[in-house]
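Structure first, commentary second.
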Amino acid sequence: MKMAAPSKVERSGTGFMTRKERRQALLAAVDAVAPVLSAEAPDAEKQRHLTPAAITALQASGLLALKLPLELGGFEADNALQYEVIERIAYHSTAAAWCMFIYTDILGKVASTLPDDGLADLLAGQDLPLTCGGGGLIPGSLVPVEGGYRISGRWIYGSGNSGSDFFMVLGIDETGPEPEFKLCVVRSSEMSVDDNWHVVGMRGTGSSDYRADNAFIPSSMAVPFPPVPLRGGAIFQLGLMGYSAHTIASVAIGGTLRALDEIARMAETKARGYSKNKTPLARRGVFQTFLGRSRLSLMAMRAMMLEVGERIVADAERIGGNPLATEIESRAAASLATQTAVDIMSGIVRYSGGEGARAGHLIERTMRDVQMAQTHFYISDSALELHGRSLLGETDLDAAS
């Protein structure tokens, strides 16, 4: 199935679809590109960024509209539906899923906050643009010039930069009486990317550092930070953690579900030991227990993420703003789910033995990618502590601390 990607402001066909219909369309789109993503995953690992074939498949699928406001023809998916989509992509390629959550997070954010003339430039192409960046919210230096700004700086973690059309970065203008932070959208042609993504896991994401040297930004592509949504619904009222933290867990759980299916397949013929009559791993009670417990644990984490994902958006709609306590809970849930995936991957590697540990094997690659996922700032033991403090009635809390 190929969905036409909305690219013009006036398109709003998805606004007439029910949530069930949007869910069916999105998951069908993932299934349609899954063979390409699976086939391209090994080469993405070798090249240290998504392959052109994978990028083309994602862009043609219409999935970039996952978090685009409904009024712009997007799906404006709630957090639970976002989780399902990214998790299903991760089942086939953790690197593609990681890049996809970056693409959709940033496109949704800038499309909801840019003024109309900036939005028109953003969506001027035939297809929805690939947008990456964030840069750890490190501010670059902004200088006002006629028609906009010049920005210089260096940022980190440009996941999905290969083939991207725009980078989103933070800038600071210190030329006035008070410093002003701006969220800026910079054309990729104005940026330089370093070839420094040599890492343990998530190698296929191309998350290199990137730089700007006096790059021009039209005034319509720079908005005050934190940005105020001009369009879109409740998901754009959420804080940073509520808007994005669940996506890390979706990558970790989706990848681990695939690895668990792989070890179950291997177990039918795999046997360990030196006796003549070796028992296949699948017939051993200890492995059967591990398999059953692991599957249930992942399903429990998945159910938790879906429940919190639905509730946080409902809470935002109800209060007309960001529900801080639920945002804190969402980040804590993502942290717990990701850690659960890491623990299960450790068992999968143990049972796979030397076969699964070989470089390039799906289990070996997934183990490294899931381990890397838990290093993201959104995932933290302190998130669980923060949730506990919230449950105890403390109110002076910061979900991003």
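The values are calculated or read from the model by the stated rules, or taken from the named source; none is laboratory data. Keep in mind that what you see is a predicted model, and the values were worked out from it rather than measured. Every residue, glycine as well, gets a Cβ built from its backbone with ideal geometry; the counts of neighbours run over all protein chains shown. Accessible surface is based on the protein model in full, side chains and every heavy atom, while ligands, DNA and RNA are left aside. Shrake-Rupley method; radii C 1.70, N 1.55, O 1.52, S 1.80 Å.
Label zone (F181, point 7 Å along Cα-to-C-beta; backbone nitrogen cut-off 13 Å) within the stretch 238-253: 240-241.
Judged by the mean number of other Cβ atoms found within 10 Å, the most tightly packed of the peptides 54-63, 40-49 leads the ranking 54-63, 40-49.
Annotation: average projected area of the stretch 1-135 is 7.8 square nanometres, based on the convex hull of Cα atoms across all directions.
Mean Kyte-Doolittle of at least -0.5 and a Cα length of 27 Å or more along the axis: which whole DSSP H helices of the chain meet both? Span-like helices here: 19-47, 94-113, 246-267, 285-319, 324-357. Extension gain for R295 to E310 (0.36 nm times residue separation, less C-alpha to C-alpha distance): 3.1 nm. For A383, the shell of other residues with beta-carbons less than 15 Å away shows a net charge of -4, using +1 for Lys and Arg and -1 for Asp and Glu. Short to long, the 10 Å bins of the Cα pair-distance histogram for the chain hold 5, 23, 32, 25, 11, 4, 1, 0, 0 percent of all pairs. Normalised by residue number, the volume inside the convex hull of the Cα atoms of the stretch 238-346 is 80 Å³ per residue. The alpha carbon centroids of the stretch 172-251 and the stretch 276-317 are separated by 34 Å.
Maximal additional length on extending the E146-D213 stretch stands at 22.4 nm, based on 0.36 nm per residue less the C-alpha distance.
Across the chain, C-alpha contacts under 8 Å between residues 6 or more apart give a mean separation that, scaled by the residue count, equals a relative contact order of 16 percent.
Counting charges near E307 (Lys, Arg +1; Asp, Glu -1) among other residues having Cβ under 13 Å from its Cβ returns a value of -3. Restricting the chymotrypsin sites (Phe, Trp or Tyr not before Pro) of the stretch 101-181 to loop positions (DSSP other than H, G, I, E, B) with no more than 13 neighbouring Cβ atoms within 10 Å leaves nothing. For the stretch 133-274, the solvent-accessible area of protein heavy atoms averages 42 Å² per residue (probe radius 1.4 Å; ligands and nucleic acids excluded).
Taking one quarter of the surface of the C-alpha convex hull of the stretch 300-401 gives a mean projected area of 7.5 nm². What net charge do the residues around H92 carry, taking every other residue with its C-beta under 11 Å from that of H92, with Lys and Arg at +1 and Asp and Glu at -1? Taking every other residue near H92 into account, the sum is -1. Amide H contacts under 5 Å for A271: L281, restricted to partners 5 or more places along the chain or on a different chain, H placed in the peptide plane at 1.01 Å from N. Shown for the chain: the carbon plus sulfur share of the solvent-accessible area, taken with all protein chains present and a 1.4 angstrom probe, equals 53%.
D by Stokes-Einstein for the stretch 84-243, Kirkwood Rh over Cα pairs, 4 °C, 1.567 mPa s: 80 µm²/s.
Computed per residue of the chain from DSSP H runs no shorter than four, each worth -39500 (n - 2.57), the mean residue ellipticity at 222 nm is -17000 deg cm²/dmol. The order of the peptides 69-82, 277-290 by mean Cβ neighbours within 10 Å, most packed first, is 69-82, 277-290.
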